[in-house]
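Let me begin by presenting the structure, written as structure tokens, before commenting on it.
The values are calculated or read from the model by the stated rules, or taken from the named source; none is laboratory data. This structure is a prediction, so every number in the text was calculated from the model and none was measured. Here the Cβ is made from the backbone with ideal geometry for all residues, glycine too, and neighbour counts use every protein chain on show.
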Amino acid sequence: GDSVTQMEGPVTLSEEAFLTINCTYTATGYPSLFWYVQYPGEGLQLLLKATKADDKGSNKGFEATYRKETTSFHLEKGSVQVSDSAVYFCALSERSGNQFYFGTGTSLTVIP
Amino acid sequence: DAGVTQSPTHLIKTRGQQVTLRCSPKSGHDTVSWYQQALGQGPQFIFQYYEEEERQRGNFPDRFSGHQFPNYSSELNVNALLLGDSALYLCASRMTGTGLKYGYTFGSGTRLTVV
């Protein structure tokens, strides 16, 4: 069945460092891919998405490219800030969009 | 504009009891999904409701049931609680027809502890 494998954390970076969080997926069809972020005590917020191969999703300095050949959707940011500290979830959805499959989450802490 | 509202925020129940969690979707949204997020894990899909009917269900036992009301709000019921049901329960809503364009809006969740 469909699934998402996500780089395990926790990840600790200094402010302005480069961030990569790896995500690979398994899917039978042509899924859409997402990154969600969860701040302490809050629900998940959509960070970015890509709906087809080679699409690049971007938001708030974060980027991820849908790579069908490597079944990956790695999250990157060139210069992290303390405010980026949160848990990041990679997710996929089949074409209907009814059900999302989430990875286990990667906790990011950015220190000044 | 209020987003997705869930109540209560925290709940403690005894094994074997029953619990009802509530969700009000974001204004304009008519589809509600429920997810279970165990500690340190990603959310897992329980089921989705649209037009007051269960449209799709994940791999959860029949102890988990739900309901959607005419105003699109929803309830999640769990019977015969087990210790393993302790988790954060998330409600997510969207407007049907928007496809995957906007993703889902998630609530902050209900933290259920079974003792």
Single residue of A:83, A:79 found to be in contact with a Phe, Trp or Tyr (Cβ under 8 Å, 6 or more places away or on another chain) and not in a strand (DSSP E or B): A:79
Select from the range A:44-76 the residues that are in a strand (DSSP E or B) and under 21 Å from residue A:28 (Cβ atoms) and write down the one among them that is nearest to the chain's Cα centre (by Cα). A:49
Criterion first (farther than 19 Å from residue B:22 by Cβ and at pLDDT below 95) does residue B:56 satisfy it? yes
Out of the residues in the range B:61-96 meeting the condition of being surrounded by 15 or more Cβ atoms within 10 Å (Cβ to Cβ) and acidic (Asp, Glu), tell me which one is farthest from the chain's Cα centre (by Cα). B:85
Note down all Cβ pairs under 8 Å where the first residue falls in the range B:45-71 and is among the aromatic types (Phe, Trp, Tyr), the second is in a loop (DSSP other than H, G, I, E, B) and surrounded by 13 or more Cβ atoms within 10 Å (Cβ to Cβ), and they're at least six residues apart or on different chains. B:45/A:99; B:45/B:58; B:47/B:58; B:47/B:60; B:50/B:30; B:50/B:96
List pairs: first residue in the range A:96-112 and without any contact (Cβ under 8 Å) to a residue 24 or more places away in the chain, second residue surrounded by 21 or more Cβ atoms within 10 Å (Cβ to Cβ) and polar (S, T, N, Q) anywhere in the structure, Cβ distance under 6 angstrom, at least six positions apart or on different chains. A:98/B:48
Return the only residue of A:36, A:66 being within 30 Å of residue B:111 (Cα to Cα) and among the aromatic types (Phe, Trp, Tyr). A:36
Going by what's in this entry, would residue B:104 be described as surrounded by 19 or more Cβ atoms within 10 Å (Cβ to Cβ), at pLDDT below 95, out of contact with any Asp or Glu (no Cβ under 9 Å at 6 or more places or on another chain) and of a type in the set (Phe, Trp, Tyr)? yes
Just name the residue that is surrounded by the most Cβ atoms within 10 Å (Cβ to Cβ) out of those in the range A:33-43 that are more than 12 Å from the chain's Cα centre (by Cα) and within 8 Å of chain B (Cβ to nearest Cβ). A:43
For the range A:65-112, give me the residue count where each residue is within 14 Å of chain B (Cβ to nearest Cβ), over 21 Å from residue B:41 (Cα atoms) and at pLDDT 95 or above. 1
Cβ-Cβ under 7 Å pairs, at least 6 apart or on other chains, the range A:5-17 side over 16 Å from residue A:110 (Cα atoms), far side basic (Lys, Arg) and surrounded by 13 or more Cβ atoms within 10 Å (Cβ to Cβ): none
Within the range A:51-67, which residues are surrounded by 20 or more Cβ atoms within 10 Å (Cβ to Cβ) and among the aliphatic types (A, V, I, L, M)? A:64
Could you tell me which of the residues B:28, B:58, B:40 is under 26 Å from residue A:47 (Cβ atoms), within 11 Å of chain A (Cβ to nearest Cβ), over 14 Å from the mean Cα position of the chain (by Cα) and surrounded by fewer than 21 Cβ atoms within 10 Å (Cβ to Cβ)? B:40
